[in-house]
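K.L.:
Pasting a structure here, questions to come.
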2 protein chains.
Amino acid sequence: MPRTETSSGLVHGADSRVGIIAGGGALPGTIAQSLKKQASPPYILMVEGETDPDSGLEDYDHEVMVLEDAPSLVGRLRRQNITHVVMAGEIKRRPRLAAMRPGFGMLRYVPALLRALSSGDDGLLRFVVTWLEDNGFKVVGAHQIVPDLLAMQGQYGKIAPQKADWPDIEAGRIAAEAIGALDIGQGAVAIGGRAIALEGIEGTDAMLVRVKDLRDHGRLAGKRRGVLVKCSKPGQELRTDLPSIGPRTIDAAHAAGLAGIAVEAGGSLVLNGPEMIARADALGLFVIGLPPGEVEHGQ
Amino acid sequence: MPRTETSSGLVHGADSRVGIIAGGGALPGTIAQSLKKQASPPYILMVEGETDPDSGLEDYDHEVMVLEDAPSLVGRLRRQNITHVVMAGEIKRRPRLAAMRPGFGMLRYVPALLRALSSGDDGLLRFVVTWLEDNGFKVVGAHQIVPDLLAMQGQYGKIAPQKADWPDIEAGRIAAEAIGALDIGQGAVAIGGRAIALEGIEGTDAMLVRVKDLRDHGRLAGKRRGVLVKCSKPGQELRTDLPSIGPRTIDAAHAAGLAGIAVEAGGSLVLNGPEMIARADALGLFVIGLPPGEVEHGQ
């Protein structure tokens, strides 16, 4: 069972201020909105070239940071009196090491950073968490600020999987867990009872475009339906990089001709839930939360 | 250790005639050429829409078969007095079941066929092997006709992997074996010590184009080199669908910015070896055969 720590309101008190390190997608905006509603407006560090143009993040106190300036993160967060940090949204690019200038405070982390850079996304994120916490920041997960982001178990929306979809759900889950165990990716598409596409660093949307292309080119002839499955990695750092789905995922899955989406409850995020459900219902896709995996998750 | 059965000249005697069921790529032509040299010209069943236009297969006795006519295979082979069958080359499309007309002789195989169709490529190929052998044909592997197709252990060409390439080779192999164990694919690309792309049914060339795109879009910034690894699946039917590399793979790997290619010795095929090596040497890529996996292979 993943530790979910659904205690909301972690970020209370006049002294606390949340900094969001914002990558792409809808998640950073969702968190910012929620904090604003909680009367605790965040400070946003937008990673250059990664945040969505229509994210609305410019409406908050913010600055734009070049990825290679990551070593300056601690100083930037201190200047804004940040106490809590959320890392949210995909950062697709990886920093060019040669262009980075670690300050003195960073030097003792360099060996760990180099190890982390070669050990997969999760290793890298763990490193950043350790580095920030060593410097006195509390790193929290998106779901600790917006608890209802966390995928629940059971059916979303009006549409249930058909009996014939379950072999796809099962095959997709086995594949997604296998590649998750290797810290490679978090998603797979299964059609006709077998996994046919696996997510590497290209991401879920690119994988779904690939499935659409395969179908358009007759490579899946006679195979209808099919399922996208997303799972957290065994031992995944739940405060970062949880697999997520949202309205755009529904559109991409529909374009790929899939029948639905299955995510791991407690180990995945659902963004813009009401909009996502409405879209899924309108397009005839099912969305379900699967029981969490047996594997113990990290913290 | 895979059973390689490198006994050449399996196809001797005035009574034997080899039929090649030909899909895409260079393999069917290579086998046909070799048989012609052995004074045993083959008969070619070209699968419509799958064989390469420049394969030269039209120069042999041949017919073109629509994929959905597969149930007529036994009759077609008998009419040509075929004794041995080789299945060679990728068949990308899957037959539309609704368009198939199984004859009476085929009916008892329908339940096994339906099971096979949902159990991955290897399951489907095993079904075809069983069906053909039940009907008196001897199914042989490409390497049983052209033994030197089988990848050998050690370095091909002039270029050796650098020390820094070994973590990529190791990570790629672990990933390729993991997805092979799930009967999904046979290849992976690892860069910077981790697998970043996994081969589904799109195939190796499409995966390499994806890696090229990721690199072009800065998703691999600061990561140079990288390796394509191809392995056979645990328990793979060695007479069909062995992973293969050739001159085109070198070009695609080079376009993706990779440093080299590693294949499993004894469980992969090397097509147009001399041309492939010359291309790899010219472009500065290494090609090596890795020791075969520990897992017992099927027959």
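Residues checked against (1) touching a Pro at 6+ places or on another chain (Cβ under 8 Å); (2) acidic (Asp, Glu):
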site	(1), (2)
B:Asp241	no, yes
B:Gly267	yes, no
B:Gly273	no, no
B:Val287	no, no
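K.L.:
Hey, another quick one. For the list (1) within 14 Å of chain B (Cβ to nearest Cβ); (2) without any contact (Cβ under 8 Å) to a residue 40 or more places away in the chain; (3) not β-branched (Val, Ile, Thr), I need the number of the one condition that A:Gly123 fails.
P.N.:
Only one criterion in (1) within 14 Å of chain B (Cβ to nearest Cβ); (2) without any contact (Cβ under 8 Å) to a residue 40 or more places away in the chain; (3) not β-branched (Val, Ile, Thr) is unmet by A:Gly123, namely (2).
K.L.:
Continuing with this model, one more query. Kindly indicate which of A:Pro71, A:Pro53, A:Pro95 is in contact with a Pro (Cβ under 9 Å, 6 or more places away or on another chain), modelled with pLDDT under 90 and surrounded by fewer than 21 Cβ atoms within 10 Å (Cβ to Cβ).
P.N.:
A:Pro71
K.L.:
To continue, here is another question. Does the range A:139-152 contain at least one residue that is of a type outside the set (S, T, N, Q), more than 29 Å from A:Thr83 (Cβ to Cβ) and surrounded by fewer than 20 Cβ atoms within 10 Å (Cβ to Cβ)?
P.N.:
Of the residues in the range A:139-152, the ones of a type outside the set (S, T, N, Q) are A:139-143, A:145-152.
Now drop any that are not more than 29 Å from A:Thr83 (Cβ to Cβ), which leaves A:152.
Those left that are additionally surrounded by fewer than 20 Cβ atoms within 10 Å (Cβ to Cβ): A:152.
Yes: the range A:139-152 contains one or more residues that are of a type outside the set (S, T, N, Q), more than 29 Å from A:Thr83 (Cβ to Cβ) and surrounded by fewer than 20 Cβ atoms within 10 Å (Cβ to Cβ).
K.L.:
With the requirement that a residue be part of a helix (DSSP H, G or I) and among the acidic types (Asp, Glu), what does the range A:217-251 give you?
P.N.:
Scanning the range A:217-251 gives a single hit, A:Asp251.
K.L.:
Scan the range A:133-175 for residues that are touching a residue at least 12 places away in the same chain (Cβ under 8 Å) and in a loop (DSSP other than H, G, I, E, B) and report the count.
P.N.:
13
K.L.:
Taking the options B:Ala142, B:Ala176, name whichever one is small (Gly, Ala, Ser), within 12 Å of chain A (Cβ to nearest Cβ) and touching a strand residue (DSSP E or B) at 6+ places or on another chain (Cβ under 9 Å).
P.N.:
Selected residue: B:Ala176, the only one of B:Ala142, B:Ala176 that is small (Gly, Ala, Ser), within 12 Å of chain A (Cβ to nearest Cβ) and touching a strand residue (DSSP E or B) at 6+ places or on another chain (Cβ under 9 Å).
K.L.:
Looking at (1) modelled with pLDDT under 90; (2) touching a strand residue (DSSP E or B) at 6+ places or on another chain (Cβ under 6 Å), which one does A:Val110 not meet, given that it meets all the others?
P.N.:
Condition not satisfied by A:Val110: (2).
K.L.:
Could you tell me which residue of the range A:200-221 is nearest to the other protein chains (Cβ to nearest Cβ), considering only residues that are small (Gly, Ala, Ser) and in contact (Cβ under 8 Å) with a residue 12 or more places away in the chain? Steps first, answer last, please.
P.N.:
Of the range A:200-221, the ones small (Gly, Ala, Ser) are A:200, A:203, A:206, A:218, A:221.
From what's left, in contact (Cβ under 8 Å) with a residue 12 or more places away in the chain: A:200, A:203.
Working: A:Gly200: 4, A:Gly203: 9 Å.
So, considering only residues that are small (Gly, Ala, Ser) and in contact (Cβ under 8 Å) with a residue 12 or more places away in the chain, the one nearest to the other protein chains (Cβ to nearest Cβ) is A:Gly200.
K.L.:
Right, here's the next one. Quick one: is A:Val66 of a type in the set (A, V, I, L, M), within 13 Å of another protein chain (Cβ to nearest Cβ) and closer than 14 Å to A:Gly23 by Cβ? First the steps, then the outcome.
P.N.:
Working: of a type in the set (A, V, I, L, M): yes; within 13 Å of another protein chain (Cβ to nearest Cβ): yes; closer than 14 Å to A:Gly23 by Cβ: yes.
For A:Val66, the condition - of a type in the set (A, V, I, L, M), within 13 Å of another protein chain (Cβ to nearest Cβ) and closer than 14 Å to A:Gly23 by Cβ - is met.
K.L.:
From A:Ala178, A:Ala197, A:Ala190, which residue is without any contact (Cβ under 8 Å) to a residue 40 or more places away in the chain, over 22 Å from A:Met276 (Cα atoms), part of a strand (DSSP E or B) and assigned by TED's automatic domain parsing to the domain that holds A:Pro274?
P.N.:
On the way: A:Ala178 fails: part of a strand (DSSP E or B); A:Ala190 fails: over 22 Å from A:Met276 (Cα atoms).
Residue meeting the stated conditions: A:Ala197.
K.L.:
Which residue out of A:Ala190, A:Ala160 is surrounded by fewer than 24 Cβ atoms within 10 Å (Cβ to Cβ), touching a strand residue (DSSP E or B) at 6+ places or on another chain (Cβ under 8 Å), more than 7 Å from chain B (Cβ to nearest Cβ) and modelled with pLDDT of 95 or more?
P.N.:
None of the other options fit; the residue is A:Ala160.
K.L.:
Out of A:Ala195, A:Ala282, which single residue is of a type outside the set (Asp, Glu) and touching a strand residue (DSSP E or B) at 6+ places or on another chain (Cβ under 6 Å)?
P.N.:
Step by step, each of A:Ala195, A:Ala282 is checked, and only A:Ala195 is of a type outside the set (Asp, Glu) and touching a strand residue (DSSP E or B) at 6+ places or on another chain (Cβ under 6 Å).
K.L.:
Another question, then. Could you check B:Ala195 against (1) within 11 Å of another protein chain (Cβ to nearest Cβ); (2) modelled with pLDDT of 95 or more; (3) buried (at least 18 other Cβ atoms within 10 Å of the Cβ) and say which number it fails?
P.N.:
(2)
The values are calculated or read from the model by the stated rules, or taken from the named source; none is laboratory data. Quantities reported herein were computed from a predicted structural model and do not represent experimental measurements. Ideal geometry is used to build each Cβ from the backbone, glycine not excepted, and the neighbour counts take in all protein chains shown.
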